[in-house]
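Data block below; observations after.
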Amino acid sequence: MELSMLTVLIMVFVLACFIGYFVIWNVTPALHTPLMAVSNAISGIVIVGAILVAGTVVYTDAQVMGIELYKIIGFLAVFFASINIFGGFTVTRRMLAMFKSKSKPR
C-alpha cells in the first residue's frame with residue numbers, strides 16, 4: 001500500500017497537533033512565558049515553511065473550489081502561525097505593563 005504525499009502531510013499535521021496539545025497542557029504555569037517565547041520562534045519558522053509551500057508549483061488534482069489544496073494549507077499555516085506570533089506579542093506587552101511603576105506624574 002502506497003500513501004500519497006498529501007496523506008502523509010495530513011498525518012504529520014494531525015500528529016503535530018496532538019503532540020503540541022499534550023506538551024503545552026502539561027507545562028507548569030511558571031514555564032509558560034519561556035514556552036511562549038520558544039513557540040513564537042517556532043511560529044516564525046512555520047511561516048517561512050508555509051510561504052515556501054504556498055509558493056511552490058505542484059501538479060496535483062487536489063483542488064477546493066478551483067484552488068490547489070497545498071496553497072490553502074499554506075495559507076492556513078501562515079494565518080494560524082501569525083495568530084500565535086501576534087498573540088505572543090500582545091501577552092508580552094501586557095506582562096511588561098504589569099512591571100511599570102504606577103507613580104503619578106508631578
All conditions in (1) in a helix (DSSP H, G or I); (2) over 23 Å from F89 (Cβ atoms); (3) open to solvent by 80 Å² or more (accessible area, probe 1.4 Å) are true of D61 except (1)
Which of (1) open to solvent by less than 70 Å² (accessible area, probe 1.4 Å); (2) farther than 22 Å from A16 by Cβ is the odd one out, the single condition R93 does not satisfy?
-> (1)
Test result for V38, aliphatic (A, V, I, L, M), open to solvent by 60 Å² or more (accessible area, probe 1.4 Å), closer than 16 Å to I73 by Cβ and part of a helix (DSSP H, G or I) = no
Every pair of residues 6+ apart whose Cβ atoms lie under 9 Å, when the first sits in segment 11-28 and is over 14 Å from A77 (Cβ atoms) while the second is modelled with pLDDT under 85 = M11/L3; V23/L35; I24/H32; I24/L35; I24/S39; V27/L35
Residues located in segment 33-48, provided they are hydroxyl-bearing (S, T, Y) and under 15 Å from V91 (Cα atoms) = T33, S39
How many residues are within 13 Å of the chain's Cα centre (by Cα) and open to solvent by 100 Å² or more (accessible area, probe 1.4 Å) when one looks only at segment 5-26?
-> 2
Set I51, I85: member being part of a helix (DSSP H, G or I) and open to solvent by less than 40 Å² (accessible area, probe 1.4 Å) = I85
Do you know which of the residues in segment 64-75 that are closer than 16 Å to L52 by Cα and free of Cβ contacts under 8 Å to residues at least 12 places away in the same chain is surrounded by the most Cβ atoms within 10 Å (Cβ to Cβ)?
-> E68
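The values are calculated or read from the model by the stated rules, or taken from the named source; none is laboratory data. Predicted model only: the values in this text are computed from it and were never measured. Note that each Cβ is placed from the backbone with ideal geometry, even for glycine, and that neighbours are counted across all protein chains shown. Note: accessible area is taken over every heavy atom of the protein model, side chains too, but ligands, DNA and RNA are not part of it. Shrake-Rupley method; radii C 1.70, N 1.55, O 1.52, S 1.80 Å.
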